[in-house]
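Down below is the structure, laid out as structure tokens.
The values are calculated or read from the model by the stated rules, or taken from the named source; none is laboratory data. The structure presented is a predicted model; accordingly, all values stated were derived computationally and were not measured. Here the Cβ is made from the backbone with ideal geometry for all residues, glycine too, and neighbour counts use every protein chain on show. Each accessible area value is taken on the protein alone, full model and side chains, heavy atoms only, with ligands, DNA and RNA left out. Shrake-Rupley method; radii C 1.70, N 1.55, O 1.52, S 1.80 Å.
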Amino acid sequence: MAALRLFVALHPPAIVQTELAALASPHLSVRWTREENLHLTLRFIGETEPEKQEKFAEALARVQVEPFILPVAGVGVFPSRGPAKVLWAGVGHAHTRLFQLRKQVDEALLAVEGGLEVRNFHPHFTLGRLSDDFPPKMLEKFLTQHRAFEAPPFRVSEFHLMASES
């Protein structure tokens, strides 16, 4: 069996996915994320052999989620300097439990694989990916038009270990 690209994610309810997907504009040459694939990545793990995947799943099963409400608000881009590559929707002033959950997930994963890279956590939903030649004026217009974006806040009570194709 081939290695899988693993990540840990929160899945918003369908109504939130629909509101996020509604930001997609057919007039912009952006590779928009499909509505059903919109999620918040808590932790990207990367290429993982199947036997390690089982160990990650076992470690993550021990992480307890104390339910909390997560707002969905704002839009932005990554990176913050240089040409934008990713267009995202944010989580406003996220509940502190989101960051506590991320810490618990990291600790569980690092107990299995100590060499995992630890990065800063900037919680977001990836709306789409921009081409290198995306016009800055169009991007600025989109960001200005949607700066007050809000979707319904949702209750977080679980997370998922996910796999994607390379």
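Descriptive notes on the structure:
- The stretch 1-133 - accessible surface per residue (Å², probe 1.4 Å): 56 Å²
- Cα gyration tensor category, rounded, prolate or oblate, for the chain with a/c compared to 1.5: prolate
- Neighbourhood net charge (14 Å Cβ-Cβ; Lys/Arg +1, Asp/Glu -1) for residue 129: +1
- Reachable lysines, given that their alpha-carbon falls under 17 Å from the alpha-carbon of residue 55 and they are not under 8 places away in the same chain: none
- Integer Hz, Karplus 6.51/-1.76/1.60 couplings in order for the stretch 38-45, x for Gly and Pro: 6, 7, 10, 7, 7, 7, 8, 9
- Shown for the stretch 1-144: the carbon plus sulfur share of the solvent-accessible area, taken with all protein chains present and a 1.4 angstrom probe, equals 54%.
- Summing Cβ point charges (Lys, Arg +1; Asp, Glu -1) relative to the Cα centre of the chain gives a dipole of roughly 560 debye.
- Here's the picture: charge each Lys and Arg Cβ at +1 and each Asp and Glu Cβ at -1 in the chain, and of 82, 18, 42 the one pushed furthest to the positive end of that dipole is 82.
- Proximal aspartates and glutamates to residue 52, defined as alpha-carbon separation beneath 13 angstrom and excluding residues fewer than eight positions away on the same chain: 113
- Every helix of 4 or more DSSP H residues in the chain counts as -39500 (n - 2.57), and over all residues that averages to -8500 deg cm²/dmol at 222 nm.
- Residue range of the chain that is longest and free of GluC sites (Glu not before Pro) which are both DSSP loop and sparsely packed (at most 15 other C-beta within 10 Å): 1-112
- The chain: relative contact order in percent, alpha carbon pairs under 8 Å with at least 6 residues between: 39 percent
- Solvent-accessible surface (1.4 angstrom probe) belonging to residue 29, in square angstrom, nearest 10: 80 Å²
- Test item: Cα-centred dipole of the stretch 1-75, Lys/Arg +1 and Asp/Glu -1 on Cβ, debye: 160 debye
- Nitroxide proxy distance, nm - points 7 Å out along Cα→Cβ at residue 100 and residue 18: 3.3 nm
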